[in-house]
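Written below as structure tokens is the structure these notes are about.
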């Protein structure tokens, strides 16, 4: 699976874990919905005056690459 911790407070991390599980199970439609939810969550978490303490966005970028690989796009 991914390098994310088992427990996290950020909604985006929980969505990312569910996305990875959907990809592993080849649930493409679910993965597509979850990547959209991830985009929404990341947009809501960031923004003016907010500080994102995320140390590494690599897992987020990998999610988009993984979806492309699973869907063949």
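The values are calculated or read from the model by the stated rules, or taken from the named source; none is laboratory data. Here the structure is a predicted model, which is why all the values come from computation and not from measurement. All Cβ positions, even for glycine, are placed from backbone atoms using ideal geometry, and neighbour counts span all protein chains on display.
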Candidates 40, 67 - the one that is at pLDDT 80 or above and touching a helix residue (DSSP H, G or I) at 6+ places or on another chain (Cβ under 8 Å): 67
Considering only the stretch 44-63, state which residues are modelled with pLDDT of 75 or more and more than 14 Å from residue 16 (Cα to Cα). 44
Going residue by residue through the stretch 8-29, is there one that turns out to be touching a helix residue (DSSP H, G or I) at 6+ places or on another chain (Cβ under 6 Å), closer than 14 Å to residue 59 by Cβ and at pLDDT below 90? yes
Residue count, the stretch 9-23 (criterion: assigned to a helix (DSSP H, G or I) and either under 10 Å from the mean Cα position of the chain (by Cα) or free of Cβ contacts under 8 Å to residues at least 12 places away in the same chain (or both)): 10
Can you report the number of residues in the stretch 24-43 which are part of a helix (DSSP H, G or I) and more than 25 Å from residue 9 (Cβ to Cβ)? 3
